[in-house]
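The values are calculated or read from the model by the stated rules, or taken from the named source; none is laboratory data. Bear in mind the structure is a predicted one, so any value in this text is a computation, not a measurement. With ideal geometry, Cβ positions are generated from the backbone for all residues, glycine too; neighbour counts draw on all protein chains shown. Calculation scope for accessible area: heavy atoms of the full protein, side chains included, ligands and nucleic acids excluded. Shrake-Rupley method; radii C 1.70, N 1.55, O 1.52, S 1.80 Å.
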Amino acid sequence: MDRPTKRILSGVQPSGDLHLGNYLGAIKNFVALQEEYECFFCVVDLHAITVWQDPKVLANKTREVTAAFIASGIDPKKNNIFVQSQVPQHAQLAWLFNCIARMGWLNRMTQFKDKAGKNSENVSVGLFSYPTLMAADILIYLATHVPVGDDQKQHLELTRDIAQKFNNDFKTDFFPIPEPLIFGQATRVMSLRDGSKKMSKSDPSDYSRIMLTDTADNIAQKIKKAKTDPQPLPSTKEDLKQRPEAENLISIFASLQNSSIENVISEYAGKEFSDFKRDLIDLSVSKLGPITTEMNKLMTDTSYIDSILNDGKDRAINVAEPVLTKTKEIIGFLS
Ligand code: AMP
Ligand code: TRP
């Protein structure tokens, strides 16, 4: 079995419409990394069903994430794009990891606490053990690097703890300790309605997020309505500290423009938000419009998308199966 030194695994849930946070925090970085790393990009439908998903739309959401990957510039020939539920080794390794991870570790996960809220007695068991499946997604490929948005940092620390405990318990160095890759100007994109809340698929307000399926008009409306404060744009990065909405819009601008927050600040220092927003609308439409158009085009030919996923599945299984076999052997299962 080869032991890669530069292998990426990352996952995106088909649980709703992809938004600017998914794009700037994750997918845009995947595109940048594909030259340097061997990549596995997974549509994580097993994670999606930790909360209710309508069976009538789930398959198409799964294709839509795939289309977003390709439309954003991920080359499906060079990279492995596949669906989590089609590679059974993920769920099998997740069970083994359920027996490695400790209740106390999972009890500390802030994403679970946020998602469960006051309802923690009534959420699925899957939502609680979600991070052990994520660890399995990564380690079933012996992945060394994991590009994600900032919100996934804690889950990655847990993945590292699981790999370490497994290695310690069984006196082996079989699993690598994967490194998070969290980079760019927008690792945590915030809601357009409230700069203290993450932009998310589950926010009830459509105006809180720009979606990859939005038209130019939708984008313009959402940015025009985005919350700001009454002051003009700041002249130093320091001045952004107590201004979460301004900070968010400037980070989005910098990330879309592939420039830095400092550059954007120096360009707009002292200007009014109305001017800045006008330019942000133009920039967003020019960067996201072509992706949306390509996604729509890809979605008209589901057989093409399904063939990519089918290929990806075969390649993923080829890598995952020997890792699962070896893990079972280390544990002492009869082969
Ligand atoms: P999810 O939609 O939860 O499957 O997330 C897919 C990827 O997008 C993960 O790498 C997340 O960390 C990233 N992501 C989700 N929301 C945001 C956000 N608001 N800002 C930056 N990255 C995000
Ligand atoms: N938990 C991630 C999210 O919600 C999605 C995910 C599942 C993932 N498995 C993964 C990300 C493996 C990176 C690696 O954003």
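Kindly establish whether Pro76 is open to solvent by 60 Å² or more (accessible area, probe 1.4 Å) and at pLDDT 95 or above. Write out each step before concluding.
Values: open to solvent by 60 Å² or more (accessible area, probe 1.4 Å): no; at pLDDT 95 or above: yes.
No, not satisfied.
How do the pairs read when you match residues in segment 255-266 that are under 14 Å from Asn29 (Cα atoms) and not assigned by TED's automatic domain parsing to the domain that holds Ser286 with residues anywhere that are modelled with pLDDT of 95 or more and of a type outside the set (Lys, Arg), using Cβ under 8 Å and keeping only pairs 6 or more apart or on different chains?
none
Could you please give the count of residues in segment 139-174 that are in contact (Cβ under 8 Å) with a residue 40 or more places away in the chain, more than 30 Å from Ser196 (Cα to Cα) and of a type in the set (A, V, I, L, M)?
Result for segment 139-174: 5.
Against the definition (over 16 Å from the mean Cα position of the chain (by Cα), more than 15 Å from ligand 2 (Cβ to nearest atom) and closer than 22 Å to Asp301 by Cβ), how does Leu58 come out, yes or no? Talk me through it step by step, then tell me what you get.
Details: over 16 Å from the mean Cα position of the chain (by Cα): yes; more than 15 Å from ligand 2 (Cβ to nearest atom): yes; closer than 22 Å to Asp301 by Cβ: yes.
It is true that Leu58 is over 16 Å from the mean Cα position of the chain (by Cα), more than 15 Å from ligand 2 (Cβ to nearest atom) and closer than 22 Å to Asp301 by Cβ.
Pick out the one residue from Ser15, Ser10 that is within 13 Å of the chain's Cα centre (by Cα), within 14 Å of ligand 2 (Cβ to nearest atom) and part of a strand (DSSP E or B).
Values: Ser15 fails: part of a strand (DSSP E or B).
Exactly one of Ser15, Ser10 is within 13 Å of the chain's Cα centre (by Cα), within 14 Å of ligand 2 (Cβ to nearest atom) and part of a strand (DSSP E or B), namely Ser10.
Residue-wise test of (1) open to solvent by less than 50 Å² (accessible area, probe 1.4 Å); (2) of a type in the set (A, V, I, L, M); (3) within 30 Å of Gly289 (Cα to Cα).
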residue	(1), (2), (3)
Leu142	yes, yes, no
Asp169	no, no, no
Arg193	no, no, yes
Ser200	yes, no, yes
Asp203	yes, no, yes
Tyr207	no, no, yes
Met211	yes, yes, yes
Asp214	yes, no, yes
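Give the residues of segment 126-147 that are part of a loop (DSSP other than H, G, I, E, B) and touching a strand residue (DSSP E or B) at 6+ places or on another chain (Cβ under 6 Å), sorted by residue number. Before the answer, list the steps.
Within segment 126-147, the first condition is being part of a loop (DSSP other than H, G, I, E, B), and the residues that meet it are 140-144.
Tyr141, Ala143, Thr144, listed by residue number.
In this structure, does Ile100 turn out to be assigned to a strand (DSSP E or B) and either modelled with pLDDT of 95 or more or not β-branched (Val, Ile, Thr) (or both)?
Numbers: assigned to a strand (DSSP E or B): no; either modelled with pLDDT of 95 or more or not β-branched (Val, Ile, Thr) (or both): yes.
Judged against the criteria, Ile100 is not a match.
Going by what's in this entry, would Asp282 be described as open to solvent by 20 Å² or more (accessible area, probe 1.4 Å) and either at pLDDT 95 or above or of a type in the set (Ser, Thr, Tyr) (or both)? Even if it seems obvious, please write down each step before you answer.
Numbers: open to solvent by 20 Å² or more (accessible area, probe 1.4 Å): yes; either at pLDDT 95 or above or of a type in the set (Ser, Thr, Tyr) (or both): yes.
For Asp282, the condition - open to solvent by 20 Å² or more (accessible area, probe 1.4 Å) and either at pLDDT 95 or above or of a type in the set (Ser, Thr, Tyr) (or both) - is met.
If I ask for residues that are surrounded by fewer than 21 Cβ atoms within 10 Å (Cβ to Cβ), assigned to a helix (DSSP H, G or I) and in contact (Cβ under 8 Å) with a residue 12 or more places away in the chain, which ones from segment 34-59 would you list?
Residue satisfying the conditions is Leu58 alone.
Name the one entry in Arg188, Arg160 that is closer than 25 Å to Asp114 by Cα, surrounded by 15 or more Cβ atoms within 10 Å (Cβ to Cβ), at pLDDT 95 or above and touching a Gly at 6+ places or on another chain (Cβ under 7 Å). So that I can check it myself, show each step before the final result.
Numbers: Arg160 fails: touching a Gly at 6+ places or on another chain (Cβ under 7 Å).
Every option except Arg188 fails the conditions.
Do we have Ser200 as assigned to a loop (DSSP other than H, G, I, E, B) and in contact (Cβ under 8 Å) with a residue 40 or more places away in the chain here?
Working: assigned to a loop (DSSP other than H, G, I, E, B): yes; in contact (Cβ under 8 Å) with a residue 40 or more places away in the chain: yes.
Against the criterion (assigned to a loop (DSSP other than H, G, I, E, B) and in contact (Cβ under 8 Å) with a residue 40 or more places away in the chain), Ser200 qualifies.
Evaluate the following for Lys165: is it open to solvent by 10 Å² or more (accessible area, probe 1.4 Å), outside the structural domain of Trp95 (by TED's automatic domain parsing) and either assigned to a strand (DSSP E or B) or among the charged types (D, E, K, R) (or both)? Break it down stepwise before answering.
Values: open to solvent by 10 Å² or more (accessible area, probe 1.4 Å): yes; outside the structural domain of Trp95 (by TED's automatic domain parsing): no; either assigned to a strand (DSSP E or B) or among the charged types (D, E, K, R) (or both): yes.
Answer is no for this residue.
Is it fair to say Asp314 is without any contact (Cβ under 8 Å) to a residue 60 or more places away in the chain, exposed (fewer than 15 other Cβ atoms within 10 Å of the Cβ) and outside the structural domain of Ala220 (by TED's automatic domain parsing)? Write out each step before concluding.
On the way: without any contact (Cβ under 8 Å) to a residue 60 or more places away in the chain: yes; exposed (fewer than 15 other Cβ atoms within 10 Å of the Cβ): yes; outside the structural domain of Ala220 (by TED's automatic domain parsing): yes.
Yes; evaluated as a whole, the condition is true for this residue.
Taking the options Lys241, Lys328, Lys287, name whichever one is under 22 Å from Leu212 (Cβ atoms) and open to solvent by 50 Å² or more (accessible area, probe 1.4 Å).
Details: Lys241 fails: under 22 Å from Leu212 (Cβ atoms); Lys328 fails: under 22 Å from Leu212 (Cβ atoms).
Only one candidate passes the filter, namely Lys287.
Spot the failing condition for Trp95; the list is (1) open to solvent by less than 20 Å² (accessible area, probe 1.4 Å); (2) out of contact with any Cys (no Cβ under 6 Å at 6 or more places or on another chain); (3) under 24 Å from Tyr141 (Cα atoms), and only one is missed.
(1)
Would you check if Asp151 is within 11 Å of ligand 2 (Cβ to nearest atom), assigned to a helix (DSSP H, G or I), open to solvent by less than 30 Å² (accessible area, probe 1.4 Å) and charged (D, E, K, R)?
no
Would you confirm, using the coordinates I've provided, whether Val323 is within 26 Å of the chain's Cα centre (by Cα) and more than 30 Å from Leu233 (Cβ to Cβ)? Let's see the steps before the verdict.
On the way: within 26 Å of the chain's Cα centre (by Cα): yes; more than 30 Å from Leu233 (Cβ to Cβ): yes.
So Val323 passes the test.
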